[in-house]
Amino acid sequence: MGLTGWKLAFAFVVFPGFVFTATMGLVLTWVDRFVSARVQWRKGPPLYQPFADMLKLLLKQTVVPAGASKTTFLLAPILGFAAMCVTAVLLFYVSFFPRGSFVGDLIVLVYLFALPPIAVIIGASASRNPLSAVGASREMTLYLGYELPFLLALAVPVVRTGGAIRLGDLVLAQQASGPFLYSVSGVIAAVIVLICIQAKLGYPPFDIAEAEQEIMSGVLIEYSGVPLAMFRLTKAMMFFLMPCFLVTVFWGGLTSWWAILKFLAIAVLIILIKNTNPRFKIEHALRFFWFILGGLGIAAVMLAFLKL
């Protein structure tokens, strides 16, 4: 039975995925800051710090820059936040009730994960700040770079299941025959997705659009108060949801207790990559995504056709 519109709405109300995801995202932000501090031989912040920072932003005044498109400027952060709320409900519903999946929900998730960077681009462009415009241009270029290998990597489980584009079918296939990660094509695809997650989150070495040393936070330079809090919360939710997505698609799903350890392993790996790599130039990032990861993605798809 498919996941009809009223069932999705019911799941959104009964299972408050957005509250759970936002809370876990902020906790994961603390883990990020704590591990980063330990890597740099610092103590790190207390557990409540991300929540205190979010509350502080919510209480601050929202300033709309002169000459900006006010409606677009204020609606942009809502777009990304709403996308992550729907993603949370859809991802966890299908993970625990895979037979309730609907045709093309994998494609829907790909589009939902694309909305936060698009929201950043729209908001930065609407602010009329030249530094924001540079950041928006970089974000758009980076998006065009990582999306190709990301889609090629997601094609691997689709090919291995004979063309299934239901997320539930991918979960059921892994429950029956083992995770896709335990194959050569699966390993390559999972590594590609992991690196693309790093870029989607805007973490080093792909923090090109928010290069503080170059363009003073770039895309978010004009944001303050509640809109800035929504952008930060959206990023925190993505930080939680993207590893969950990787575990669901490539590593057997979220229904076992082992999924918690798998999730933590991916999250810590993302943090370590963030703290041990310098920032790419935009042209270097494009070459890396198109030629290196793109080539690996094509090889992974070919290996998947060979059942390897």
Given the options 45, 227, 204, state which has the largest fluctuation in a GNM of the chain using a 10 Å cut-off (strictly under) for Cα springs. 45
At R0 = 25 Å, how high is the FRET efficiency between residue 27 and residue 144 if r is their beta carbon distance? Nearest 0.05 is fine. 0.20
With each pseudo-label sitting 7 Å past Cα toward Cβ, what's the residue 299-residue 260 distance in nm, one decimal? 3.7 nm
Please determine, in degrees from 0 to 90 and to the nearest 10, the orientation of helix 130-160 with respect to the longest principal axis defined by the Cα atoms of the chain, where the helix direction is its Cα long axis. 10 degrees
Sparsely packed trypsin sites (Lys or Arg not before Pro) within region 127-233, loop by DSSP, other Cβ within 10 Å at most 16: 128
FRET E, pair residue 268, residue 70, Förster distance 41 Å, beta-carbon r, rounded to 0.05: 0.50
As an exercise, identify the chymotrypsin sites (Phe, Trp or Tyr not before Pro) in region 119-213 lying in DSSP coil whose Cβ has no more than 16 other Cβ atoms within 10 Å. none
For 258, 41, what's the fewest-to-most ordering of other Cβ within 10 Å of each Cβ? 41, 258
For region 196-211 and region 102-116, write down the distance between their C-alpha centroids in whole Å. 21 Å
Note the full-extension length gain between residue 187 and residue 53 as 0.36 nm times their separation in residues minus their Cα-Cα distance, in nm to one decimal. 44.5 nm
Roughly how many debye, to the nearest 20, is the charge dipole of the chain about its Cα centre, given +1 on each Lys and Arg Cβ, -1 on each Asp and Glu Cβ, and no other charges? 380 debye
As an exercise, take the mean of 1/r over every pair of distinct alpha carbons in region 5-305, invert it, and state the Kirkwood radius in angstroms. 19.8 Å
Distance between region 235-293 and region 119-157 - C-alpha centres, whole angstrom: 17 Å
So what's the angle, to the nearest 10 degrees on a 0 to 90 scale, between helix 70-96 and the longest Cα principal axis of the chain? 30 degrees
Going by alpha carbons, how many degrees (0 to 90, nearest 10) lie between the helix axis of 294-305 and the longest principal axis of the chain? 20 degrees
So which lysines can residue 235 reach, going by Cα to Cα under 23 Å and dropping same-chain residues fewer than 8 places off? 56, 60, 70, 200, 262, 274, 281
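All of the numbers you see were taken from the coordinates with simple rules; none came from a lab. Please read all numbers here as calculations on a predicted model, not as lab measurements. Heads up, the Cβs are rebuilt from the backbone with ideal geometry, glycines too, and the neighbour counts pull from every protein chain shown.
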